[in-house]
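The values are calculated or read from the model by the stated rules, or taken from the named source; none is laboratory data. The structure presented is a predicted model; accordingly, all values stated were derived computationally and were not measured. Backbone-built Cβ (ideal geometry, glycine too); neighbour counts: all protein chains shown. These area figures cover heavy atoms from the full protein model, side chains too; ligands, DNA and RNA do not enter into them. Shrake-Rupley method; radii C 1.70, N 1.55, O 1.52, S 1.80 Å.
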Protein chains: 6
Amino acid sequence: MVYLTRKEHFNAAHRLHNANWSEEKNTAVFGRCANKNWHGHNYDVYVTVKGEPDPDTGFIMNAKELSSLIQREIVHRFDHMNLNMDTPFFQDIQPSTENFVKVMWSLLEPHIKGCRLHSIRLQETENIYCEYFGE
Amino acid sequence: MVYLTRKEHFNAAHRLHNANWSEEKNTAVFGRCANKNWHGHNYDVYVTVKGEPDPDTGFIMNAKELSSLIQREIVHRFDHMNLNMDTPFFQDIQPSTENFVKVMWSLLEPHIKGCRLHSIRLQETENIYCEYFGE
Amino acid sequence: MVYLTRKEHFNAAHRLHNANWSEEKNTAVFGRCANKNWHGHNYDVYVTVKGEPDPDTGFIMNAKELSSLIQREIVHRFDHMNLNMDTPFFQDIQPSTENFVKVMWSLLEPHIKGCRLHSIRLQETENIYCEYFGE
Amino acid sequence: MVYLTRKEHFNAAHRLHNANWSEEKNTAVFGRCANKNWHGHNYDVYVTVKGEPDPDTGFIMNAKELSSLIQREIVHRFDHMNLNMDTPFFQDIQPSTENFVKVMWSLLEPHIKGCRLHSIRLQETENIYCEYFGE
Amino acid sequence: MVYLTRKEHFNAAHRLHNANWSEEKNTAVFGRCANKNWHGHNYDVYVTVKGEPDPDTGFIMNAKELSSLIQREIVHRFDHMNLNMDTPFFQDIQPSTENFVKVMWSLLEPHIKGCRLHSIRLQETENIYCEYFGE
Amino acid sequence: MVYLTRKEHFNAAHRLHNANWSEEKNTAVFGRCANKNWHGHNYDVYVTVKGEPDPDTGFIMNAKELSSLIQREIVHRFDHMNLNMDTPFFQDIQPSTENFVKVMWSLLEPHIKGCRLHSIRLQETENIYCEYFGE
């Protein structure tokens, strides 16, 4: 079994803010991430699939098709978007890196054919990333 | 003369939108960067000063003081902010990388003592950066 | 158990082309990677071994010896080579990143003494890499 | 279960030298790393914790708190220090990357609350890193 | 005057070989770069234009248009190509990084409108790059 | 005229300390960099030469020869060394990045033949580098 990883990138705005909390508590927990006028990030997403190389192509999955799939399911949905306002995924949960990578899994996993989705790694800043393995 | 460069980073939200134009023209020119709900970036800023190394310290400028200055004048002003809404600098000009790097020059240059500000480079994405030399 | 990784790099030419297929099918599947006059890559290879640190040296394996081994078994064989024409490994299989990393495992694994080969990661471009764990 | 990684960095001096060995053997095994006047590195440390995102915050662990913890337990202890002379950890073992990453685990692990420490990766040079999973 | 840089990438095969020299001399000068079956690289190209930001857009040049121009004039011509065999530019000169960056200048410069081409930097490997300023 | 850059790396220990000052003043100015037991860095050095490409080779200077020259004059002198104790260059000046890059210029410049040394860039940490142009 071989693991193939494809990286794509996009950027977006978001805000961490819990509507059930006071502004004081939001600021205490989220700091500047709670800024009501938003902030944003350049996101890098690394998608890893696993399987046996096909005897005819040598591929687990054609990396161009994997790229197209990530573009269609992830990049086109989130690029230059406001995660809180422009997408339906963060109405009841925070757009944290942790929750975001799980949302990405649910969007990509049904479309991986002929091999299996192994993990998604989402890099939010140079110093912070989250990884999810589907369980 | 030696050139010393210090890198700092922050992230922010912004939007490119010309209020004198129709929405159609804004979209035609700025594309997704005109999204009314904002998007954002991780910004890296590289500040270069030039001068002769001091005989006692070997420094053009103490890199820690340069770091503190960039933190005070740049990072604290823009980190986790909305460039259009939370700062006074982009009321009449677009918060493009080009204009942003010039704003940074005007904020930093008066505070560089004992050597000279040579250039500021602002990296907006992995693939795009602007540099300004003050003239 | 600690995992030690050593990175080395080289560059090579290759072509993805299945001799059992028509040119049309080769182009449909492999795109520009099927160009009959070859293309090439800068490859980065990350070799990970695992074991207990030796009480006298603190090493799982001397990183210089690991480097020399990768140089001898991988870099000297493939650097500035045409994978299809200059090596015996890709006569019956495609020189895809998937197959290439498995070839590397078979070349390195017999020479790892005193600890165990854990994985090999082969980076073909900034956006694509494969990893193999020997099973 | 989601995995969150935070990167921090520092630099330090060290020397690999086994006092039970002759100088000849030290040089034969450790090469220039045995230089009696020390050498040093810029170290990057990647700390990974795992757990379920909190429903209120979306966090496994607040990345700022994780950063502060790494600063307190790792960076403040080792930054600009001589690992052999200025710290108590390498009196009986070599300050190799392998041993250093295990020391880091023992310093950090007791302070991780509400989630679990998964791994620590210590990058010593661009080409060498070690990873430890606590077992 | 502000300087805007846009990065694009592609990969290609090539060979350094002077037909007027003996094989011995080719090997002595070019080493493995003279391998008759080619080798290849992942190339990163950084194109820098300079000018005054437009008052309406804040742009020296729309970075997307600059990207499209580099794609059309550089990437589509050279990506997955054999520089010696598949392009007309290296019949009488070597496809060295030095000559390649000058060829790129001649292809791009006539198409830069409304600002000026300042420099092109071509990164051939992690450790080698060339830069050309048009004079 | 084309500019060719070659990167090499090494690591070393050093200390910033002015013997004419009190310990209090040394700590106030240099902070932890004055630690009497040294600290260290991974250094990356980028050497840039300029000239016209040779018609026969396409080279300003053979990048392998440039690499060998940097290895001989810079890397072998400083790699795994204590800049203050193991080299003669920092007896009367601080081993700051600024002074170090000027020392490198004086070591390399006399050996550059057939083209000219343009600049040396010395990266001390991810966030700090100095550049020198020989004047």
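Of the residues making up the range E:64-99, those that are charged (D, E, K, R) and either closer than 20 Å to F:Asn62 by Cα or touching a helix residue (DSSP H, G or I) at 6+ places or on another chain (Cβ under 9 Å) (or both) are E:Lys64, E:Arg72, E:Glu73, E:Arg77, E:Asp79, E:Asp86, E:Asp92, E:Glu98. Just one of (1) part of a loop (DSSP other than H, G, I, E, B); (2) under 28 Å from F:Asn26 (Cβ atoms) fails for F:Glu124. It is (1).
Are any of the residues in the range B:1-17 modelled with pLDDT of 95 or more, over 24 Å from B:Asn127 (Cα atoms) and β-branched (Val, Ile, Thr)?
yes
Evaluation of D:His17 against the conditions (1) away from chain F (no Cβ under 14 Å); (2) surrounded by fewer than 23 Cβ atoms within 10 Å (Cβ to Cβ) shows that the sole unmet condition is (1). Could you list, in sequence order, the residues of the range D:104-121 that are among the hydroxyl-bearing types (Ser, Thr, Tyr) and open to solvent by 20 Å² or more (accessible area, probe 1.4 Å)? Hit for the range D:104-121 is D:Ser106, nothing else. Just one residue in the set E:Phe30, E:Phe59, E:Phe89 is crowded, with 18+ Cβ neighbours inside 10 Å and within 13 Å of the chain's Cα centre (by Cα); that residue is E:Phe89.
The rows are residues; the columns are (1) at pLDDT 95 or above; (2) farther than 21 Å from F:Asn37 by Cβ; (3) buried (at least 22 other Cβ atoms within 10 Å of the Cβ).
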residue	(1), (2), (3)
D:Ala34	yes, no, no
D:Asn37	yes, no, no
D:Val47	yes, yes, yes
D:Lys50	yes, yes, no
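Any residue in the range E:106-116 that is within 30 Å of B:Asn20 (Cα to Cα), β-branched (Val, Ile, Thr) and touching a residue at least 12 places away in the same chain (Cβ under 8 Å)? Yes, because at least one residue in the range E:106-116 is within 30 Å of B:Asn20 (Cα to Cα), β-branched (Val, Ile, Thr) and touching a residue at least 12 places away in the same chain (Cβ under 8 Å). C:Cys130 satisfies every condition listed in (1) buried (at least 18 other Cβ atoms within 10 Å of the Cβ); (2) more than 8 Å from chain A (Cβ to nearest Cβ); (3) not small (Gly, Ala, Ser) except (2).
Out of all the residues in the range E:34-48, is one or more closer than 23 Å to F:Asp56 by Cα and among the small types (Gly, Ala, Ser)? Yes, the range E:34-48 has at least one match. In summary, B:Phe10 fulfils each of the numbered conditions (1) in contact (Cβ under 8 Å) with a residue 60 or more places away in the chain; (2) more than 7 Å from every other protein chain (Cβ to nearest Cβ); (3) surrounded by fewer than 19 Cβ atoms within 10 Å (Cβ to Cβ) with the single exception of condition (3). Look at E:Asn26 and say whether it is among the polar types (S, T, N, Q), in contact with a strand residue (DSSP E or B) (Cβ under 8 Å, 6 or more places away or on another chain) and more than 30 Å from B:Ser96 (Cα to Cα). So E:Asn26 fails the test.
Is there a residue in the range F:93-101 that is touching a Gly at 6+ places or on another chain (Cβ under 9 Å), buried (at least 19 other Cβ atoms within 10 Å of the Cβ) and away from chain B (no Cβ under 14 Å)? So far as the range F:93-101 goes, no, none of its residues is touching a Gly at 6+ places or on another chain (Cβ under 9 Å), buried (at least 19 other Cβ atoms within 10 Å of the Cβ) and away from chain B (no Cβ under 14 Å).
Do we find that D:Trp38 is of a type in the set (Phe, Trp, Tyr), at the interface with another protein chain (Cβ under 7 Å from one of its Cβ atoms) and over 30 Å from A:Gln91 (Cβ atoms) in this structure? Spelling it out, D:Trp38 is indeed of a type in the set (Phe, Trp, Tyr), at the interface with another protein chain (Cβ under 7 Å from one of its Cβ atoms) and over 30 Å from A:Gln91 (Cβ atoms). Within the range F:62-86, which residues are open to solvent by less than 20 Å² (accessible area, probe 1.4 Å), more than 9 Å from every other protein chain (Cβ to nearest Cβ) and either closer than 20 Å to F:Leu16 by Cβ or without any contact (Cβ under 8 Å) to a residue 12 or more places away in the chain (or both)? Matches in the range F:62-86: F:Phe78, F:Leu83.
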